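Coordinate-derived values only; no laboratory data. Being a predicted model, the structure only gives us computed values, none of them experimental. Virtual Cβ from ideal backbone geometry, glycine too; neighbours counted across all protein chains shown.
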Amino acid sequence: MAVGILGGVFDPPHNGHVALARAAAEELGLERLLVLVVADPGHKDTGTPAATRLELARLAFEDVLSATLELDRHARTVDSLEERQVDDAIFILGADELAGFESWKSPRRVLELARVAVAVRPGVSRDEVRAVRERLEAPGRILEFEMDPMDVSSSEIRARVARGEPIDGLVPRAVGDAIVRLGLYRSGEYTAAKREGRETD
């Protein structure tokens, strides 16, 4: 039973995340989806409590293979996989993320614990993906699947909310409703960044 694992900060989860999960489920024939919401990402600042991000992710992914959602206390993928020891695990990521895979903590062990499925999208050369695969000791553990491009980011959504702009079509409706209900991102990092004369990523 192939289990897809999708991890992230999800601050907030958006339609690109959901499209990635759906494409992986369809292309790879996944039986289950496990979504891991990183409690303390370390490499990213987030002012949104982990429990709130978990609830937003639940709203976003609930219709994708009846996804199971968990808070992930590990900032590193290998530690999360070691703890869970999921049979036939397939870790899902975008092709742009694969470029940095060799700098991950214990990439060899990651590939022992799970296959890695890479969403190939326009703008990322298949040659780049193959180049990374060829440098790895277990290239057969890297899978590829197709995904239509979707130009959306969590930082863009936070910025739009802070400016009072609509986010219709960028997040699942239930997520958008929750953002309004909970008053999220109204005075978030975008406003602070503008005061300091810098932009968010």
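Over the Cα atoms of the chain, compute the convex hull volume and normalise it per residue, giving Å³. Kindly include the intermediate steps, with their values, before the conclusion.
Values: hull volume 24.2 nm³, N = 201.
With only Cα atoms used, the chain gives 121 Å³ per residue.
Estimated from helices alone, the mean residue ellipticity of the chain at 222 nm is -11500 deg cm²/dmol (sum of -39500 (n - 2.57) over DSSP H runs with n ≥ 4, per residue).
Of interest is the spacing of the C-alpha centroids, which for segment 1-20 and segment 39-85 amounts to 9 Å. Spin-label pair Asp168-Glu128: with each label point 7 Å from Cα along the Cα-Cβ axis, the two points sit 3.4 nm from one another.
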